[in-house]
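**Q** Here you go, one structure.
The values are calculated or read from the model by the stated rules, or taken from the named source; none is laboratory data. Since this is a predicted model, take the numbers as computed values, not measurements. We work out accessible area using only protein heavy atoms, side chains counted, and drop any ligands, DNA or RNA first. Shrake-Rupley method; radii C 1.70, N 1.55, O 1.52, S 1.80 Å.
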Amino acid sequence: MPAVMITPEALIAVRGPWIPMLEEAGFTIQHPDDTTFTRGLCSPAETIRVLSNVDAVIAGGEYLTPEVIAALPRLQVIARSGVGYDRVNVSAATKHGIPVTITPTANHESVAETAFALVFAIAKGIVTNDACVRSGQWAKNQTQPIRGKILGIFGLGRIGRSTAIRGRAMGMTVLATETYPDKQFVAQHGIELVDFDALLSRSDYVSIHCPLNAETAGLFNHAVFQKMKPGSVLINTARGGMVVEADLMDALKSGHLSGAGLDVFEQEPATSDNPLFQLDNIVVSPHVGGGDKLSQENMGIEAADCVIKLSRNQWPAGAVVNDELRQSWKWK
């Protein structure tokens, strides 16, 4: 029987509907002995050991490097639970004839909700006010409105569009920078398309919603922060590698940026000695933006569906990153 390894911690914790789906399709289910395997802290040798006896992996945050992929001749499918795949070397997977899939319709609303949770936390001083009241103080510091503010969205894919809809519902003006925009969506929701510099200079909140790749790695650096509107706020629920944290810290300490809401970091899991954590004008969370209960279930179902379809030589159109394998690929 073919075997599938399920590594995301949230998918290990419960027996969700993806399990009977896979079992009914003839798969045996495996989980790593160490439930933290998916955090990407294992050596390549350990990653190879864990995945050596499976035909497919429903993957989380483990690093699937060229070295790892080359050492897994049995592996036929890498199904990412989520939409980011920066920890999967897609070129190496393609070289070895392994489709890499994502779950494109599962978690966009969860990430958008998290982005706005961070916006609210900063604008309304939720964290500092909570600490204040718990300590017996009753300081009524002035908070900031969200209505009437300008939300700048960098990347207008599914997550960016979900964020835009919520921004408009909150009475915000929404700007967006997107190379291939959905013009019908833009017109329907009254979004203004602008270039990157205009997005930075005009927005009160800049929210990042694009993939981490060679073009976006380290994009939000000192020069970019200096172009942002004085007193504005950075929101990042995408990938930490797009933000140079040392430069962000300088911009926050100087007051040029009034705050930041971060769900992702350059190093994950983040450690307590991260200098950003000494600042009181940021709000942070541990990369949980796409991981609410509903989206986790949907990601498990979508990832399992990709594995099952591919095992039946059915191509899950719209979910495969390396679509160039479509014509030549067959389940072995």
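**Q** Please calculate the 1.4 Å probe accessible area of LYS330, with all protein chains present, and give it to the nearest 10 Å².
**A** 150 Å²
**Q** In addition: If you line up the long axis of helix 293-311 against the longest principal axis of the chain, both from Cα atoms, how many degrees apart are they, to the nearest 10?
**A** Helix 293-311 sits roughly 30 degrees off the main axis of the chain.
**Q** Continuing with this model, one more query. Pairs of Cα atoms under 8 Å, at least six residues apart: use those to get the relative contact order of the chain, whole percent.
**A** Averaging sequence separation for qualifying contacts and normalising by length gives 18 percent for the chain.
**Q** Quick check: with the 1.4 Å probe, what order do SER201, SER272 take by accessible area, largest first?
**A** Putting SER201, SER272 in descending order of accessible area: SER272, SER201.
**Q** Could you pull the accessible area for MET170 with a 1.4 Å probe, rounded to 10 Å²?
**A** Taking all protein chains as shown, MET170 has close to 80 Å².
**Q** Between helix 108-123 and the chain, what is the angle of the helix's C-alpha long axis to the longest principal axis, kept within 0 to 90° and rounded to the nearest 10?
**A** 30 degrees
**Q** To the nearest 500 deg cm²/dmol, what mean residue ellipticity at 222 nm is calculated for the chain from DSSP H runs of n ≥ 4 alone, each contributing -39,500 (n - 2.57), summed and divided by the residues?
**A** Calculated mean residue ellipticity at 222 nm is -10000 deg cm²/dmol.
**Q** List every residue whose amide H lies under 5 Å from the amide H of LEU257, counting only residues 5 or more places away in sequence or on a different chain, with H placed 1.01 Å from N in the peptide plane.
**A** Those lying under 5 Å, H to H, from LEU257 are GLY231, LEU252.
**Q** Quick one: of LYS140/LYS229; LYS95/LYS332; LYS229/LYS253; LYS149/LYS229, which pairs are farther than 21 Å apart, Cα to Cα?
**A** Over 21 Å Cα-Cα: LYS140/LYS229.
**Q** Along region 46-54, what does the Karplus equation 6.51 cos²θ - 1.76 cosθ + 1.60 (θ = phi - 60°) give for ³J(HN,Hα), rounded to whole Hz, x for Gly and Pro?
**A** 5, 4, 4, 4, 5, 9, 5, 10, 10
**Q** Sort TYR180, TYR205, TYR63 by heavy-atom solvent-accessible area, probe 1.4 angstrom, most to least.
**A** TYR180, TYR63, TYR205
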